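**Q** Handing you this structure, nothing more for now.
Every number here is computed from the coordinates shown, using simple stated rules; none is lab data. All values derive from a computational prediction rather than experimental measurement. Don't worry about glycine lacking a Cβ; one is built from the backbone with ideal geometry, like all the others, and counts go over all protein chains shown.
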Amino acid sequence: MLCTMPEQSFTDNKFERLQAIIDDGAMQKARRMLNGLSPGEIAHILESLPPTERALLWELVDHESDGEILVQVTEEVRDDLLSQMDHSELLSATEGMEIDDLADLFHELPYAITREILSSLDNQYRQRLEAVLSYPENTAGHLMDTDTVTVRAEVTLDVVLRYLRQLGDKVPADTDTLFVVNRQDRYLGTLSLAALVSNDTSEIVAEVMSLTVQPIAAKTDSKEVARKFEHNDLISAPVVDDEGHLLGRITVDDIVDVIREEGEHQFMGQAGLSEDEDMFAPVLPSSRRRAVWLGINLFTALLASWVIGLFEATIDKVVALAVLMPIVASMGGIAGSQTLALTIRGLALNQLTSGNTRWLIIKELAVGSINGLVWAFVVALIAGFWFNDPQLAMLIAVAMVINLVIAAVMGTMLPITLNRMGIDPALAGSVLLTTVTDIVGFFAFLGLATIFLL
């Protein structure tokens, strides 16, 4: 009987083995195997299944694991699973959850459930939960866990050790550091467990505590919190209010979630999709969501076609233009996308400021010019030999230089402008950039052809 499984990647065919067991109808064996996996692995499997099979597997999961699994699946999958749970199951799933995890789940539960959850909590736990819920999503205050171990600077290490032994298994999970506070609960510094056990127990906390870990304000954006963890190699960090009072802590596992969500947002945003998109969502909701961006893309494509239509007479007389003009637009689109991705990453990492934006634009302008000249020469040679027309070769070369230069500038300016307007550049940037490079490419090539070939 398989009771536990070591943590490893899904390349070891866990999912395939479980699927084969279910297909054979051995549901008890499937239940044992499924509940031998970690909540994260179960969440991954649930996200990998169509709705009918997902519902079947969800019924096999031990209810005491429901809460941990629900906070690890994407929002759309979570909504699907929650819709299958009755009142008692929802209440059971929230029992014993850490405050930060419960806060993530809280707003997605029915009002009657949230009211009953609040009424069932003891006063201290309820106050902690309400403190986390008072901060907007994607802030340090919403990410934090209020369950921390605090000590005073004036006590000895022996007192701290006896205090920890007294707490026993009530010490919060993933505790690597104790937070030092004064009598008003203002944050002073940290006492690592390594420092606690490696120093003489007669020393006081103030003598061995560290002052290097700066507290994080509760209103700090989650992406900025992730950068602080990355730059300072933090495992945990204190969260404070505007007056410096310790509110809770953020641990690295919370930051891993933030980084993963941001990466998914950037990747999925380029296709106009949400990072919470359920791969196996029903057809109609999926079609409705994607229709919006397909409609926007159709409008931009019509604009490009309108530009081509302006030069219909020129294309009729010089058929070679119809063969060559997609090359100009395509090269501009690729060059612009490269710059766009670089700029969006700079914005996401907070590396772009008013002081260095001008330098980036000039640099990308230079890169676009060099690549434009190099590839314009290559395309001119190909076009010249292909159609035996030196003038046509020169025109496509000039058009390509123009388009690659414009693509470089727009690939930088578009995401910066959209970001200042409060529009997510990961969602809108690629569609707008493609429109610009298509229109500029067609207009430059066909316009020059009209002037010089007719």
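**Q** How big is the charge dipole of region 283-453 about its Cα centre, in debye rounded to the nearest 20, if each Lys and Arg gets +1 on its Cβ and each Asp and Glu gets -1 on its Cβ?
**A** Numbers: 8 positive and 6 negative charges, 119 e Å.
Computed charge dipole of region 283-453: roughly 580 debye.
**Q** Mind sorting Ile99, Ile370, Ile361 by how few other Cβ atoms lie within 10 Å of their own Cβ, fewest first?
**A** On the way: Ile99 21, Ile370 12, Ile361 18.
The order, fewest Cβ neighbours first, is Ile370, Ile361, Ile99.
**Q** On to the next question. Which entry is the computed Rg and Dmax of the Cα atoms in Å for this structure: [x] 22.8, 80; [y] 24.3, 78; [z] 29.2, 95?
**A** Answer label, from the structure shown: [z].
**Q** What is the list of residues in region 73-107 whose amide nitrogen lies under 17 Å from a point 7 angstrom out from the Cα of Leu284, following Cα to Cβ?
**A** From region 73-107, the list is 80.
**Q** List the pairs from Lys223/Lys363; Lys14/Lys219; Lys170/Lys223 whose alpha-carbon separation is above 32 Å, in the order I gave them.
**A** Working: Lys223/Lys363 27 Å; Lys14/Lys219 41 Å; Lys170/Lys223 30 Å.
Violating the 32 Å limit, Cα to Cα: Lys14/Lys219.
**Q** By per-residue mean of other Cβ atoms within 10 Å, what is the highest-first order of 437-448, 138-149? The partial results should precede the final answer.
**A** Working: 437-448: 23.2, 138-149: 21.6.
Packing order, densest peptide first, comes out as 437-448, 138-149.
**Q** Amide H to amide H, which residues 5 or more places from Ile216 or on other chains are under 5 Å from it, using H placed in the peptide plane?
**A** So Ile216 has HN proximity to Val239, Val240.
**Q** What does the highest-first list of 232-244, 201-213 look like by mean Cβ count within 10 Å? Walk me through the numbers before you get to the answer.
**A** Values: 232-244: 17.3, 201-213: 13.9.
Going by the mean number of other Cβ atoms within 10 Å, highest first, we get 232-244, 201-213.
**Q** Charges only on Cβ, +1 for Lys and Arg, -1 for Asp and Glu: so what's the dipole of region 150-269 about the Cα centre, in debye to the nearest 20?
**A** Working: 12 positive and 22 negative charges, 67 e Å.
Roughly 320 debye for region 150-269.
**Q** Taking the alpha-carbon centroid of each part, what is the distance from region 88-163 to region 303-343 in angstrom?
**A** 56 Å
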